[in-house]
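Undergrad: One structure, pasted below without further comment.
What follows draws every value from the coordinates through simple rules; no lab data is involved. Here the structure is a predicted model, which is why all the values come from computation and not from measurement. Every residue, glycine as well, gets a Cβ built from its backbone with ideal geometry; the counts of neighbours run over all protein chains shown.
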Amino acid sequence: MRRFALLVVMAVSLLGLPQQAWAQSGVEVADVGMFVEFGQSVTFQARVQSHVPISSATIVFRDSFDDLPRRFPVEVNENGVIGYRYDVTQNVLRPFTTVTFWFDVLFSDGQTFRSPNYQEQYADNRFTWQQRTDGQLRVHWYEGDEAFGDALLNTARQGLNMADALIPVPGDEPVDVYVYASTSDLQSALFLGGESWQGGHADPKLGVVMLAVTPGPEQSIEMETLIPHELAHVLLYRSVGEGYATLPLWLSEGMASLAELYPNPDYEQALLTASQNGSLLPIEELCDTFPLDASRAYLAYAESQSFVRFLRDTYGAPNLFSLTSAYANGLRCDQGVVRALGSSLANLDTRWREIVLGQNVAGAFLRNMLPYLGLLGFMLLIPLIGFMQRRPTDDRTR
């Protein structure tokens, strides 16, 4: 059954690629196909016909993240059929990446030939996806009725508008939102693509969002939280380009959280509790990574959202956008805010705690310093007592 299913997929895939023969100097290329068995393999195939026998052939391909193409020798049978099976279990491909491939052929007379480039998506074809489209937005799902798909598209449209207000991006490049019916399905897709598990995942360079929403009573909350958040990551990447990788984590996650249509109501309580018990994380510790511990990671997201909202409300959305540009241009975490906002990160952290969380930072500082001030006073008191004891003796001597 598994082999039969793969043959069906191969037959369907052939329909998506040009079927007409391509000829140059007496060489014809036809029956080109890339056949995906998601998480297992990718098989490349073509038929090359020429009056000169083929000596050898090579499949050359790259995905959206390859700097250099991958090259592998391929078998060619007596009919000129080229075939190569690439083992994805050993060399993973990211889900929904676009694979560009071509064939290099060497003939027995020493002449060479390069086929045209072909493209195919490495899609998760374990599921039968349905699709809704609205402009640049394309939402895909496989479980749930048409009303569920309409709700996904409507939420994605609202989320895109919300994110665009924070991160204006010119152009209308497509964005694909793939909605899995369970976290286990999403987890398996990310794992097979070499990613760690997450509740939602954006591949900004691909313009792809992957998340899990189970059709049912809670679907609206999940949609309104996850879809806008991940869409914001895509827009942020399109806004700053490759500089996206240099943005502080508190900034990228904070802006994405601000785009959510259903803000997390538990963030405020987490911030209040941490503020009261003195366990808030310094913002400067959230530049590169978030804590691995689940509760502290949750606090990191809450702080990032609140801190970025404070920056937006204090300096305005245009200056917040200038801040992302400063970081995208390579400034360090402590330098970007100075360049864009004229204040140090430590000072902004203090002001955020005072204004948003109501902390008396100065009073807290004095309380923390009280033991040290007491020790300093005691150390100064000892020589002072010695001086006072010596002074009457000096007067009697005179």
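Undergrad: Could you calculate, for segment 60-139, the ratio of the Cα radius of gyration to the Kirkwood radius, expressed as Rg to Rh? Walk me through the numbers on the way to the answer.
TA: Values: Rg = 16.5 Å, Rh = 15.4 Å.
Ratio of gyration radius to Kirkwood radius for segment 60-139: 1.07.
Undergrad: For segment 23-107, compute the orientation-averaged projected area of the C-alpha convex hull (one quarter of its surface), in nm². Please list the in-between numbers first.
TA: Details: hull surface 23.2 nm².
Computing the convex hull of the Cα atoms and averaging its projections yields 5.8 nm².
Undergrad: How big is the dipole moment of segment 127-246 about its Cα centre under a simple scheme where the beta carbon of each Lys and Arg is +1, that of each Asp and Glu is -1, and everything else is neutral? Debye, nearest 20, please. Mind dumping the intermediate values first?
TA: Details: 5 positive and 17 negative charges, 52 e Å.
Roughly 240 debye for segment 127-246.
Undergrad: While we're here: Please give the peptides 171-183, 230-242, 106-118, 152-164 ranked by average Cβ packing (other Cβ atoms within 10 Å per residue), highest first, as a rough proxy for protection. Show your work: numbers first, answer last.
TA: On the way: 171-183: 17.7, 230-242: 22.0, 106-118: 13.5, 152-164: 20.1.
The packing order, highest mean first, is 230-242, 152-164, 171-183, 106-118.
Undergrad: Oh, and also: If you take the C-alpha gyration tensor of segment 127-246, multiply each eigenvalue by 5 and take the square root, what semi-axes do you get, largest first, in whole Å? Working shown, then result.
TA: Values: eigenvalues 96, 61, 29 Å².
Ellipsoid semi-axes (Å, largest first): 22, 17, 12.
Undergrad: Compute the FRET efficiency between Asp87 and Asp150 as 1/(1 + (r/R0)^6), taking r as their Cβ-Cβ distance and R0 = 41 Å, and round to the nearest 0.05. Let's see the in-between values first.
TA: Values: r = 40 Å, r/R0 = 0.97.
Here the calculated transfer efficiency is 0.55.
Undergrad: Another question, if that's okay. So how much slack lies between Thr58 and Ile221, counting 0.36 nm per residue of separation and subtracting their Cα-Cα distance, in nm? Present the calculation step by step, with values, prior to reporting the outcome.
TA: Details: separation 163, 0.36 × 163 = 58.68 nm, distance 5.00 nm.
So the chain would gain 53.7 nm between Thr58 and Ile221.
Undergrad: Taking a virtual spin label 7 Å from the Cα of Phe65 along the C-beta vector, which residues in segment 79-109 bring their backbone nitrogen under 20 Å of it?
TA: 86-101
Undergrad: Taking the Cβ of Leu160 as the center, what net charge do the other residues with Cβ under 15 Å away carry, scoring Lys and Arg +1 and Asp and Glu -1? Can you show the working numbers first?
TA: On the way: positive: Arg132, Arg138, Arg157, Arg238; negative: Asp134, Asp164, Asp172, Glu173, Asp176, Glu224, Glu230, Glu260.
Computed value for this residue: -4.
Undergrad: Something else: Using only the Cα atoms of segment 247-359, what are the Rg and Dmax in Å?
TA: Just the Cα atoms of segment 247-359 yield Rg and Dmax of 13.2, 37 Å.
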